[in-house]
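The values are calculated or read from the model by the stated rules, or taken from the named source; none is laboratory data. A quick note: this is a predicted structure, and the numbers were derived from the prediction, not measured. In this analysis, Cβ positions are derived from the backbone assuming ideal geometry, glycine residues included, and neighbour counts consider all displayed protein chains.
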Amino acid sequence: MSRTFTLPELAESVVEGEIVAWLVGEGEPVALDQPLVEVMTDKVTVEIPSPFEGVLEAQLAQAGDVLPVGAPLARWSDGGDGSGEASGTGDGDEDRTNDGATATTDEEDDGSSLTLFTASGGGDDGPLPRVRKRPAAAQAGATGSGDSAPGAPDQAASTTASTAASTAARGPWGRPLAVPAARRRARELGVPLERVLGSGPHGRIRLEDVDASAPGGGAAPSGAAPGAAASAAAGATYAGSPLRAAPDGPEEARSPLRGLRRIVAQQMMHSHLSTVRTLHVDEADVSELVALRARLKPRAEARGVRLTYLPFVLRALVATLARHPRLNAWWDETTEEVVEARDAHVGVAVDSPRGLVVPVVRDASRRTLLDLAAETNRLAAAARDGTLAPDEVRGGTFSVTNVGAIGGLFSFPIIQAPQAAVLGVHAIKKRPVVLEDDAIVARSMLYLSLSFDHRLVDGADAVRFTNDLIRLLEAPEALLLDA
Amino acid sequence: MSEWNLVQAIAGTLDAEMARDESVIVLGEDVGKRGGVFLATRGLFDRYGPDRVIDTPLSEAAIIGAALGMSVHGLRPVAEIQFADYAFPGFDQLVSQVAKTRYRSGGAFHAPLVIRMPSGGGVKGGHHHSQNPETHFVHTAGLHVVYPSTPSDTAGMLRTAIRSDDPVVVLEPKRLYRAVKEQVPADPEHAVPFGSAMVRKRGDDVVLISYGASMAETARSAEALHAQGIEATVIDLRSLMPWDRDTVLQEVARVGRCVLVSEGPHTVGFMSEVAATIAEEILDALLAPPLRVSGYDTPYPYAQDREYLPGPRRVLNAVQRALDY
Amino acid sequence: MIRDSSRFQPFSEQPIRLVGDQGEWLGAFALDLSDDDLIQIHRDLVRARLLDERLVRLQRQGKSSFVAPAAGHEGIQVAVAHAVEAGRDWLYPYYRDYGLAAAFGVPLLEIVGQMLGTLADPAKGRQMPSHPGSAALNVFTAVSPIAAHLPPAAGTGISMKMAGRGEVCVATFGDGATSEGDWHAGLNFAGAQGAPVVFVCENNRYAISVEFAKQSGSETVADKAHAYGMPGYRVDGMDVLACLYLMRELVQRARDGFGPALVDASVYRYGPHSSADDDSVYRPKEEVEAWRKRDPLPRYRSLLERRGLWDAGAEERLRAEVSEELNQAVRDAEAAGRPGIASMFDDVYAELPWHLRKQRDEATGA
C-alpha cells in the first residue's frame, strides 16, 4: 500500500526546511537508510536517510520548495496489499502542524497579535473540551431546572438548595459557601449570606444570588443584563483601595452601623477580659480654670475656634503624663513587655450617631491650647460625620472620655486596651466646699475618674498621677507656661 | 519594518546595538564563527570580529563571571548561555556576584550586562534542554528577568536590556524561535520597557495570563474559546521582574475570573506569585479562585515532551472550572 | 605564552627570596629602590599589622561580627599594592586583604567603617566585615564565595586587553580557592585570551583547617599554572622585597601584552582563619612558633636598620602615629552612625521598582 513520509523536525526549534535535491527518482526502488533527499534548514543541511524500504511513488515537494515540519514529503509503496498503518515517521509529530493549521481559522479575530502563534506547536491539546458559560436560568438563582448541562449546579446541590428553604449551604468551616465577590456584595447590600440560596456547585452563593436576595431584589442592580451584571459587578476597578464606603441600608440592623457596633462590642469585651481595671476617683477645684477659660473664650472665638474645657484638660494631662510615663504606656501581650510611648497620642471618646468612636489627637504634647481646641473640634466633627480616616482612630497611647458631661457624678470608664489607663472627665458643677477656716463656699468642682490597668500601674502611682493632674488644673496659669 | 522570526529579531537587534555602541560585545559558547547553536548571533562575527564576538571556553561560570568583569570595566556584554538549563554551572556567578554587585558595593559598582538563555520545552530535548528556570532568577534580588514571546517584543526587550544599567536575564522561548514571524519595527530605538504587560486580546468572560513560550498555547486556547463563544482577555506578562501588577489586577478585578498559564513546574512557579497577589489585593472582586495551569512537578521528560506542556485542553478545562465556580 | 622573565625563573624548586633572615640582601642584582620607597614599604607593613590587631580587638569588643585575621600575610599584600598603579590598574582582593587595601590607599576610615557597618562604609554596611572594596581606586568589592571573583577578574582583564591602554588586573586568593571550579574557569579563560591578569595566591597552607596536601595532589600551587599556559612563580610571601620585584616584573609583563601569570606566595597566618575559628585544634603550637621567626615585619625592619634607615625611635614614633590614626578612624567610623532602614532598599536596582517601593514603605511605616 501507499504510505506518506512527512518532513521530520531536523533540529531543535526548526519549523521548516527547504528541499535542496532529491537523491532518489520517482518510481525508483529505495533501500532502508539510503540517502533520499537533501534538506536545508535554518540551522543545518542534511541528507535524510530513507526510513522505509520499497518504491518511491511520488516526490511531494520539489527542489526549492519550503515545507513546514510535518508536511508530506514523499509517498512510497511497500509493495504490500494495503492493510498496513498509514504514513509517517511514526513519532506522532504530524499533529504538531495540524494543530497549528486548525487553529489558524479565526477570521473574526479582533486584530490582536494572537494569530502570531497559530503555527507553533507544543502542549497537550488533543480533542478540546466543550466550554460553556452557565445557562441563563441558573443565573437568577437555584431553580433545580433539571438542565444537566455542564456548568449548571449538580442535581444534589439543587435539591439541597430547594429543600433547605432559607438556609445557605455551608462549607466545611461552617460559613456559608460563597465566592469572594458575593461576600463583598452581601456586605454592601446588608444581605446576610445565611439567607441566600446559592446556585453554584454544592450550593455555592454567586454574585447574582446575592442580588436576587437583596431587599427589593430579584433583579441585578441598575437593570443590567444578567451576563453583564456578573462581570461588571465583580468589578469595581482595581484602584488600590479594595472597599468602597458602604451605602446606606434599610433600617434593620444590617447597615454599616452594625459593623461599628460589633467592633465596639468586641473591643469592650476584649478590654474587659484582658485588663485588670481599677478605679481611682478624685475631684478638682477648677474655679480658676473656669475664670481663665471665660477670659480666653472670646479670643479663641475671634480666631474661629470654639474653646471648651477639654483642651485645658488635655494640656494638663500631657504635662502630667510626661512625669508619669508608666501611664502613657501599653501592655505588649506577645512579648510580655510594658512599652512606654515617647509621644502622647491621646484618644478622645466621641459619642457619634454611629456609636462610640475614639479619634486620636496625635502628638498632643506638642500642640498649643488653641491647636488642641481646633483639633479636638475637627476630630469630633469628623467622628460624627463618619469621615474619620483609619489612621485617625489608631495609635492612641492614652484616652480621655468626657461622657460624664452629659450627667452623673463619675463613671468607671473602660480602658482602650492595650493602653494603660483612661481618664473620665465629668461635669463641672458648683458644689459647697469647706475651706481651711471652716467657711463653706460655692466652688466649681470637677470629678475625675482614672481607670487604670493594675498590671501596669500600681494604685499609689495612680493616685500620685491624679494628684499632679489636679494640681495643674487648680492652678491653670501654669499650663500657659509652655502653651 | 522587517519580517523577522524570533532568532532573526535577536541577531538583528544585537547587530543594531553593536553598530550603535562600541561597548556592546557578545560572548558565549559557539557564538562566533558558528553564529550560535540557534544562529541567534549569525553574521556578527564576520561584521565585528573576534574581539567583540568572543567564542568562550565551555564554562558558564567563565561566561557569566567574565561578563561581569567586563561590565564593571566599561563594556556592555551580552552573554549567551546555550540552553537555560546550563545556567546552573554559572549560577553562583549570577546569584553571588552579578546580582549583588550594585548592592554590596553600595552602588559604587554596577553590572550592565545581559544574559540570554534559550528556554522552555517542546523541542524534544529532555530535562537538560527544556527547562524553564525563570523562578530561580526572579527569586534573586538584583536581576531583571524578562521572557518575551514575539519577535517584536524580543527585539524591544533585548534593546532595553542592553541599555539597562542593571543585569538582565532574557529568557527566550526557543520553541518559538522559528515558529513565529512578524513585522519588527526597523526603528533603531524600538524598545519595550520592563514591567509592562501587553493585553493581546480583550474579553469579558475570563482572563488568561501567560508569558514566554506558553503564550502560544494560551493564544490558541483563547481562539478555541472564542470559537465557542467565550471571550478571554489575554495578558502577556513579558517581564517577570518587575512584573506588571497593575494591569493584571485591573483586568482580573474587571472580569473576576483568571487562569494563569506557565510551563515551568507548578509548585512555587512564577504564577504562584501572581495568584497570591491577586488573592491579597482583589479577593473581593473574584468570582472564582485564580487557577494555575502549568508544567508538572517532575523533571522535564523526553518521551512525554508534548504532554508535559500545558496545552489548550488543560487551559479550557480550567476555564470551565472558573466559569462554573 | 610562557615568557621567561629576565630576573626570575618560573616553577623554581625553592621560593624566590631576596632578603635573608637577618635582613641581608640576597639578590643577584642591586637593590635599587629609593630610601623613601624602602621606608614607605615599612610604614605600610606596620600599618597593615596594627590595622589587623585593631580589627581583631574591635571584633572581640562586639563592635563587629567577624574578622579574617591577616597577620603574616603583609609581605605579599604590601608588595602587590606597591607593584600596581593606583587609578589605572584594578585589584580583585579577597576577604583577608584589608592590609592590601590600606597599602593601596583605601582610607582607614572606609576600611573600619566597612568592618563596623556604619555610614563611613562607602558600601553602606551591606556586606559582612572583612569585605573591602573601593570604586575610586578600582578595587572590586570582595565577595564571600571562594574564587568567585576570578572569572570576573579574567573578564576585566579581557576588557583591558580590548581597550589596549596597558591596564593590568591583579587578583588575590587563598590556597583553598585553587580547588574551586571558578578558580579554574577564571585562570582558564584568562589563559585562553592572554588577558593581562596576575593571579596571586596568598598561600598560608590551610583552608580553615584543611592543609594543602588534602586540598590538592599538586606539589605546589605554582605547578597548576602549566595547565593554563601561563608561568607560575613560587615566592617567599613574607619577603616583601622578593614579592615586590616579582610582582613588578609580572605586572609589566602583562602590561606589555604577554598575558597572565600565577604567583604562589607562601605565607603563614598567625591568627585563626576567622574570629569564629580555633586554630589550635589543627595547627601545632610549634609550627606557629616556627613561622613566627619568619615574620615579615622584623625581617624587613632589620634590612632597613642595616642600611641605617631605621631605628627603635623611628619605630616607636611610627607605631604611635598609626595607633592614633586608627583611634581616629574608629571614632569617626562609629560617629558616622548606622544606615537607616530605608537604605536597605537602595541599590538593588538603579531605580526602585514598585515591589521594593511597597516593601520599603511597609518597613519604614511610611
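For segment C:1-113, which helices (runs of 4 or more DSSP H) that fit wholly inside it have 2 or more residues that are without any contact (Cβ under 8 Å) to a residue 24 or more places away in the chain and under 17 Å from C:G271 (Cβ atoms)?
Working: elements: C:35-60, C:74-83, C:98-104.
Output list reads C:35-60.
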Quick one: which helices (runs of 4 or more DSSP H) sit completely within segment B:21-123 and have at least 2 residues that are facing chain C (nearest Cβ under 7 Å), among the acidic types (D, E) and closer than 18 Å to B:V146 by Cβ?
none
Being more than 7 Å from every other protein chain (Cβ to nearest Cβ) and among the hydroxyl-bearing types (S, T, Y) is the filter here; which residues of segment C:118-142 pass it?
C:T118, C:S130, C:S134
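Conditions tested, residue by residue: (1) modelled with pLDDT under 95; (2) surrounded by fewer than 18 Cβ atoms within 10 Å (Cβ to Cβ); (3) closer than 30 Å to B:I64 by Cα.
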| position | (1), (2), (3) |
| --- | --- |
| C:A190 | no, no, yes |
| C:M230 | no, no, yes |
| C:Y268 | no, no, no |
| C:H273 | yes, no, yes |
| C:R292 | yes, yes, no |
| C:R301 | no, no, no |
Segment A:444-461: number of residues that are surrounded by 18 or more Cβ atoms within 10 Å (Cβ to Cβ) and at pLDDT 90 or above:
10
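To keep it simple, each residue is scored yes or no on (1) in a loop (DSSP other than H, G, I, E, B); (2) within 17 Å of A:V318 (Cβ to Cβ); (3) touching a Pro at 6+ places or on another chain (Cβ under 8 Å); (4) without any contact (Cβ under 8 Å) to a residue 60 or more places away in the chain.
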| site | (1), (2), (3), (4) |
| --- | --- |
| A:N377 | no, no, no, no |
| A:A382 | no, no, yes, yes |
| A:L388 | yes, no, yes, yes |
| A:I415 | yes, no, no, no |
| A:I428 | no, no, no, no |
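Is it true that some residue in segment A:232-249 is outside any loop (DSSP other than H, G, I, E, B), modelled with pLDDT of 90 or more and farther than 30 Å from A:R342 by Cα?
Looking only at segment A:232-249, we keep the residues that are outside any loop (DSSP other than H, G, I, E, B), and these are A:232-235.
The next check asks that each one be modelled with pLDDT of 90 or more; those that pass are none.
The answer is no, given that none of the residues of segment A:232-249 is outside any loop (DSSP other than H, G, I, E, B), modelled with pLDDT of 90 or more and farther than 30 Å from A:R342 by Cα.
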Confirm whether B:S149 is closer than 30 Å to B:E22 by Cα, at the interface with chain A (Cβ under 10 Å from one of its Cβ atoms), in a loop (DSSP other than H, G, I, E, B) and in contact (Cβ under 8 Å) with a residue 60 or more places away in the chain.
yes
What residue, among those in segment B:288-311 that are at pLDDT 95 or above and not in a loop (DSSP other than H, G, I, E, B), is farthest from the other protein chains (Cβ to nearest Cβ)?
B:R292
Output yes when any residue across segment A:15-29 is more than 14 Å from chain B (Cβ to nearest Cβ), more than 18 Å from A:A63 (Cβ to Cβ) and either out of contact with any helix residue (DSSP H, G or I) (no Cβ under 9 Å at 6 or more places or on another chain) or not in a strand (DSSP E or B) (or both), and no when none is.
yes
Check off (1) buried (at least 22 other Cβ atoms within 10 Å of the Cβ); (2) within 8 Å of chain A (Cβ to nearest Cβ); (3) touching a strand residue (DSSP E or B) at 6+ places or on another chain (Cβ under 9 Å); (4) more than 25 Å from B:A11 (Cβ to Cβ) for B:H226 and give me the number that stays unchecked.
(1)
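Within segment C:117-233, which helices (runs of 4 or more DSSP H) (wholly inside it) include 3 or more residues that are touching a helix residue (DSSP H, G or I) at 6+ places or on another chain (Cβ under 6 Å) and of a type outside the set (D, E)?
Values: elements: C:150-163, C:181-193, C:212-215.
Per the criteria, C:150-163, C:181-193.
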Which of (1) in contact (Cβ under 8 Å) with a residue 40 or more places away in the chain; (2) buried (at least 18 other Cβ atoms within 10 Å of the Cβ) does A:Q62 not meet, given it meets every other one?
(2)
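Does B:V274 satisfy the criteria of being aliphatic (A, V, I, L, M), within 28 Å of A:K133 (Cβ to Cβ), in contact with a helix residue (DSSP H, G or I) (Cβ under 8 Å, 6 or more places away or on another chain) and more than 10 Å from every other protein chain (Cβ to nearest Cβ)? Spell out how you get there, then give the answer.
Numbers: aliphatic (A, V, I, L, M): yes; within 28 Å of A:K133 (Cβ to Cβ): yes; in contact with a helix residue (DSSP H, G or I) (Cβ under 8 Å, 6 or more places away or on another chain): yes; more than 10 Å from every other protein chain (Cβ to nearest Cβ): yes.
Answer is yes for this residue.
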Selection over segment B:199-221 where residues are surrounded by fewer than 22 Cβ atoms within 10 Å (Cβ to Cβ) and more than 8 Å from chain A (Cβ to nearest Cβ) yields a count of 2
Please pick out the residue among B:L287, B:L291, B:L316 that is more than 20 Å from the chain's Cα centre (by Cα) and more than 21 Å from B:G212 (Cα to Cα).
B:L287
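A quick yes/no check of all residues on (1) surrounded by 19 or more Cβ atoms within 10 Å (Cβ to Cβ); (2) closer than 25 Å to A:M269 by Cα; (3) of a type in the set (F, W, Y):
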position	(1), (2), (3)
A:D363	no, no, no
A:A382	no, no, no
A:G395	no, yes, no
A:V400	yes, yes, no
A:I406	no, yes, no
A:L409	no, yes, no
A:P413	yes, yes, no
